[in-house]
Amino acid sequence: MHTLSEEIKIVLAITVLLFAITFFVIVFVLISQHQHNKYLHEKEEMKNIYQQELLRTRLEIQEQTLHYISQEIHDNIGQILSLVKLNLNTVGPIEDEKLQSKLINTKDLVGKALQDLRDLSKTLNTDIIIQSNFSEAIEFELESIQKTGACTTYMEVKGVERKLDAQKQIIIFRIAQEVLNNIIKHAKAQEIQAFIDYRLDSFELIIKDDGIGFDMEELKGADLYEKGSGINNIYTRAKMIQAEVALNSVIQEGTTFRLFIPTTSTI
């Protein structure tokens, strides 16, 4: 009987020991899993931060380059064309009607080239984009498109317009430029409509066209990127400012682009 009691104690002791070992193993596994998940989370967060900084640096370089080009256009090419126009204006009347007609046409062409360069300089200049209201910057782009005769444009602003964060305004403007550029290059549209909505807690931009549209399934592949549609640039820029973007297109009916961003979000 005494031996049986001792055996029971030994079994109980071994059982308790096994439970304790199992418990510590489970705790160790859970802690290890937690640490591993924490490591993966921190690694992913560091990767996102790195990508954000990389994108921010790339965009800053792009804006600096565009600003430099804008200044070069204004200070050098613009001044040269201004001098050419001034010299042409000093040429007196020419008896030969054909030569006189060519001179007048040349003056008009130089004047148009000068104005186009000024418009281009304005649309590339970051400072002007920041200083202007967003609706004014978009309206300028739409008017430039309409002047080409490619299609008609329309813009509507809802709510009370207010200044956006400078960096956000630049990025959203560049996105809008990319969308408009895509329409001109690919859509064959007769009309472009832009809708800007200022709400108390959000900002929304919608750009619509009545062009040929495209198959949305193609967005899942690389074809559109390879064609240089710039869709990848749009989504990349939007990600930087935590903006939601959506693209919807119907063949032979047109395409609608939507950008939405809470005004409380930060870059």
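Among the residues of segment 175-206, write down those that are of a type outside the set (A, V, I, L, M), over 20 Å from Leu124 (Cβ atoms) and in contact with an Asp or Glu (Cβ under 8 Å, 6 or more places away or on another chain).
Within segment 175-206, Gln190, Glu191, Gln193, Phe195, Asp197, Tyr198, Phe203, Glu204 meet the criteria.
Name the residue that is surrounded by the fewest Cβ atoms within 10 Å (Cβ to Cβ), counting only residues in segment 150-180 that are acidic (Asp, Glu) and either in contact (Cβ under 8 Å) with a residue 40 or more places away in the chain or touching a Leu at 6+ places or on another chain (Cβ under 9 Å) (or both). Spell out the reasoning first.
Going through segment 150-180, the residues acidic (Asp, Glu) turn out to be 156, 161, 165, 178.
Adding the requirement that they be either in contact (Cβ under 8 Å) with a residue 40 or more places away in the chain or touching a Leu at 6+ places or on another chain (Cβ under 9 Å) (or both) leaves 156, 165, 178.
On the way: Glu156: 11, Asp165: 16, Glu178: 18.
By that ranking, first place goes to Glu156.
Only residues in segment 213-238 that are within 17 Å of Ile183 (Cβ to Cβ) and part of a loop (DSSP other than H, G, I, E, B) count as the first member; pair them with residues that are modelled with pLDDT under 50 and among the aliphatic types (A, V, I, L, M), Cβ under 8 angstrom, at least 6 apart or cross-chain, and list the lot.
That search, which allows pairs on different chains as well, returns Phe214/Leu224.
Which pairs have Cβ atoms under 6 Å, sit 6 or more apart or on different chains, and link a residue in segment 117-133 that is open to solvent by 20 Å² or more (accessible area, probe 1.4 Å) to one that is polar (S, T, N, Q)?
Every condition considered, the pairs that remain are Asp119/Ser144; Leu124/Ser70.
Exactly one condition in (1) touching a Gly at 6+ places or on another chain (Cβ under 9 Å); (2) modelled with pLDDT of 90 or more is false for His186; which is it?
Of everything listed in (1) touching a Gly at 6+ places or on another chain (Cβ under 9 Å); (2) modelled with pLDDT of 90 or more, His186 misses just condition (2).
Note down all Cβ pairs under 7 Å where the first residue falls in segment 79-100 and is more than 15 Å from Lys112 (Cβ to Cβ) and of a type in the set (Val, Ile, Thr), the second is in a helix (DSSP H, G or I) and open to solvent by less than 100 Å² (accessible area, probe 1.4 Å), and they're at least six residues apart or on different chains.
Hits for this filter: Val91/Leu103; Ile94/Gln100; Ile94/Leu103.
The values are calculated or read from the model by the stated rules, or taken from the named source; none is laboratory data. This one's a predicted model, so the numbers in the text were calculated from it and none came from an experiment. Positions of Cβ are backbone-derived with ideal geometry, glycine not excepted, and every protein chain shown enters the neighbour counts. With ligands, DNA and RNA removed, areas are computed over all heavy atoms of the protein, side chains included. Shrake-Rupley method; radii C 1.70, N 1.55, O 1.52, S 1.80 Å.
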